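A short write-up of the structure that comes next.
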Amino acid sequence: MKLWGGRFEKTTDALVEDFHSSISFDRRLYKQDIQGSIAHARMLGKIGVLESEEAEIIIKALGEILDDIRAGRIEFEIGAEDIHMNVEKILTERIGVVGKKLHTARSRNDQVALDLRLFLREEIDQSQDLLAALIRTLLKVAEEHLETWMPGYTHLQKAQPLTLSHYLLAYVQMFIRDLGRLKDTRKRLNLSPLGSGALAGTTFPLDREMVAEELGFDGITLNSLDGVSDRDFALEFLGAAAIAMMHLSRLCEELVLWSSGEFQFVIMDDGYSTGSSIMPQKKNPDVAELVRGKTGRVYGDLMALLTVMKGLPLAYNKDMQEDKERVFDAVDTLQKSLLVGEGMLRTMQVRKDIMAQGAKGGFTNATDLADYLAKKGVPFREAHEIIGRIVLHCTKHGLGLEDLTLAEYRDFSSAFAEDLFAEIKLEQCVRARKVPGGPAPEMVAKAITQSKVELEKLLG
Ligand code: ARG
């Protein structure tokens with residue numbers, strides 16, 4: 001007999017039983033479900049809806065059920081639909097009629113909203129820790145490469161020289177913002193919906209604040225319809241996760257490129273690479289590629305839940321049962337990707353020599369030469385034009401900017417003098433970019449210190 005069977009004359013069709021049951025996946029919420037039930041029972045005992053001994057019996061039995069589930073001693077039933085009714089059924093089997101009182105002044109609608117908030121809160125904390133670990137590793141690698149010169153790109157064409165340290169700090173900033181987004185999500189999520197009932201609250205004089213406090217919430221939701229029917233907290237998490245995955249996928253794409261035979265900027269550790277079943281020479285950056293690929297899953301999770309929620313009338317609709325698998329998938333994908341991403345960066349080897357070589361050529365110092373003329377009083381737009389012509393000349397003759405003589409330079413502009421050659425040296429080009437946020441090693445060292453402060457502030 002179903003927990004809701006009173007109104008029915010026939011049993012559920014076997015197909016429907018399978019179709020609408022969620023226990024195969026929402027069993028993952030067992031801990032949160034039991035935590036919530038314990039807080040609810042304790043509160044019912046305090047306000048006198050349950051005798052205090054009844055509340056004690058329920059709380060003790062729920063604790064035992066939690067232990068038994070953890071130890072793998074419990075088999076859930078599809079017939080009991082979801083985790084909420086499975087737990088309640090087991091409770092009643094164990095303690096009899098008292099167990100049937102637990103669901104007083106509660107609905108599965110506020111129960112499931114509560115469970116998912118509790119679950120996500122924990123997973124957000126875990127994701128923040130993993131993001132912090134990734135950021136710390138990036139900072140550590142950055143500290144070692146303040147003077148590792150490399151080419152910067154736009155359109156994947158060599159643009160201007162910078163350092164690996166500066167490059168990695170760009171990702172540090174992105175991941176710090178991701179951390180901030182998760183933190184904001186957690187703050188808005190951390191309100192207890194319990195007491196919303198099915199949609200219209202309850203006639204019982206519940207102490208919602210007491211439950212909220214026991215469960216570590218900052219307060220309670222203010223509207224019973226909203227409490228059971230919105231999932232924006234889950235969408236915010238999926239949004240933050242999708243953006244973090246997007247950042248991670250870009251970093252992974254760099255590693256795929258950089259570890260190629262054409263670039264050879266980095267050597268991926270054997271532990272983070274895989275081979276080919278036919279080509280004996282191959283060592284592939286599969287881990288980076290897979291993180292890049294898995295980003296698509298998390299985007300899918302976000303789009304799926306946005307679509308599920310679109311146009312749903314208030315309040316609860318069964319459509320919303322579709323939220324959980326999307327959230328679980330995004331949590332797992334994000335956390336595993338952060339974990340392997342950190343390991344990949346920590347173990348990779350940097351080819352400083354090849355990076356520095358790559359920073360040369362491709363006229364990466366052309367802007368510096370234009371700046372040089374501008375500093376001598378030539379209007380920048382004219383300087384740009386002059387250097388453009390010099391680059392064209394060099395390209396035709398297979399030369400670099402450092403290969404021309406002063407006399408040749410002076411054919412293009414009389415503003416050129418001997419000091420130009422110092423200005424276009426690779427190192428000088430980077431060292432001179434001392435603007436705050438720029439790649440000069442002294443500025444990057446400052447930015448590393450500031451990033452560490454930012455990180456600790458976010459985590460604190
Ligand atoms: N398994 C359901 C879900 O995940 C729980 C809430 C069901 N409520 C209901 N009235 N059918 O959404």
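Once the stretch 334-344 is narrowed to residues that are crowded, with 20+ Cβ neighbours inside 10 Å and under 15 Å from Ala244 (Cβ atoms), the residue that is farthest from the ligand (Cβ to nearest atom) is Gly341.
Assess whether Ala105 counts as being within 16 Å of the ligand (Cβ to nearest atom), over 26 Å from the mean Cα position of the chain (by Cα) and at positive phi. It is true that Ala105 is within 16 Å of the ligand (Cβ to nearest atom), over 26 Å from the mean Cα position of the chain (by Cα) and at positive phi.
Every residue, every condition in (1) closer than 22 Å to Lys446 by Cβ; (2) assigned to a loop (DSSP other than H, G, I, E, B); (3) of a type in the set (Asp, Glu), yes or no:
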| residue | (1), (2), (3) |
| --- | --- |
| Leu162 | yes, no, no |
| Gln173 | yes, no, no |
| Asp178 | no, no, yes |
| Thr202 | no, yes, no |
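Residue count for the stretch 1-17 under the criterion of being among the hydrophobic types (A, V, I, L, M, F, W, C) and at pLDDT 85 or above: the result is 4. Here's a check for you: in the stretch 313-332, which residue that is within 12 Å of the ligand (Cβ to nearest atom) and under 22 Å from Gly201 (Cα atoms) is surrounded by the most Cβ atoms within 10 Å (Cβ to Cβ)? That would be Met320.
Residues considered: Leu44, Leu50. Of these, the only one that is assigned to a loop (DSSP other than H, G, I, E, B) and over 33 Å from the mean Cα position of the chain (by Cα) is Leu50.
Checking every residue in the stretch 12-19 against the condition of being out of contact with any Ser or Thr (no Cβ under 8 Å at 6 or more places or on another chain), in contact (Cβ under 8 Å) with a residue 24 or more places away in the chain and under 26 Å from Val331 (Cα atoms) gives at least one match.
The residue that is nearest to Ala315 (Cα to Cα), among those in the stretch 108-136 that are polar (S, T, N, Q) and more than 16 Å from the chain's Cα centre (by Cα), is Asn109. When each of Arg42, Arg117, Arg121, Arg106 is tested for being closer than 30 Å to Arg188 by Cα and in contact with a strand residue (DSSP E or B) (Cβ under 9 Å, 6 or more places away or on another chain), the lone residue that passes is Arg117. Of the helices (runs of 4 or more DSSP H) entirely within the stretch 402-460, those holding at least 3 residues that are among the small types (Gly, Ala, Ser) and under 20 Å from Leu146 (Cα atoms) occupy 441-459.
The values are calculated or read from the model by the stated rules, or taken from the named source; none is laboratory data. Worth saying up front: this structure is predicted, and the values here are computed from it rather than measured. Every residue, glycine as well, gets a Cβ built from its backbone with ideal geometry; the counts of neighbours run over all protein chains shown.
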